[in-house]
C-alpha cells in the first residue's frame, strides 16, 4: 500500500511550496508540497512555521497563540473541517482550544505538531522524529 503524501514527502504537516528550507530534497517532484530529505527536516520546517504563526511572525502579522487560531490559520475552513482538526489536536494534547500557547514551550509545541501530523497523515509518527527536529532549530 502506498504511503500518504505527507509521509512520502517527509513533510507530515503538508507545508506548501514557497520557501527554501534546510533539508529540502534537491529534486522536488511534488507540484504542491515541499519534499524533505528526512522526516526530521520536514518536522523542523513545520516547527519553525508553527512557532512563527503562534508569535504572529507570518503573513498578516496576527499572533495565532491558541490551538483554535493556529489551526484555523494552518488549515482554513474554506479548505478543511477546521473545527474537527482543532478537536483532535486538543484531545491529544490536553490543551483547550482557546488556552494561550507559547512558541518557546518545547513540550507544548511538540505535542501540538505531533497531533497535527496525526491529523494530516492519519497515523502517529514516532516522538523521536519531533525531538530530533527540535534540536535542529
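The values are calculated or read from the model by the stated rules, or taken from the named source; none is laboratory data. Only a predicted model underlies this, so the values are computations on that prediction, with no experimental measurement involved. Cβ: placed from backbone, ideal geometry, glycine included. Neighbour counts: every protein chain shown.
Determine whether region 101-121 contains at least one residue that is over 24 Å from residue 136 (Cβ atoms) and part of a loop (DSSP other than H, G, I, E, B). Checked region 101-121: no residue is over 24 Å from residue 136 (Cβ atoms) and part of a loop (DSSP other than H, G, I, E, B). Going through (1) closer than 16 Å to residue 129 by Cα; (2) crowded, with 18+ Cβ neighbours inside 10 Å one by one, residue 8 falls short only on (2). A count restricted to region 51-72 and to residues that are modelled with pLDDT under 95 and within 15 Å of residue 120 (Cβ to Cβ) stands at 0.
Checked against the criteria, residue 7 counts as touching a helix residue (DSSP H, G or I) at 6+ places or on another chain (Cβ under 6 Å) and in contact (Cβ under 8 Å) with a residue 60 or more places away in the chain.
Let's see how each residue does on (1) touching a residue at least 24 places away in the same chain (Cβ under 8 Å); (2) more than 15 Å from residue 68 (Cβ to Cβ); (3) in contact with a strand residue (DSSP E or B) (Cβ under 7 Å, 6 or more places away or on another chain); (4) surrounded by 16 or more Cβ atoms within 10 Å (Cβ to Cβ):
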residue: 98; (1), (2), (3), (4): yes, no, no, no
residue: 108; (1), (2), (3), (4): no, no, no, yes
residue: 113; (1), (2), (3), (4): yes, yes, no, yes
residue: 124; (1), (2), (3), (4): no, yes, no, no
residue: 130; (1), (2), (3), (4): yes, yes, no, yes
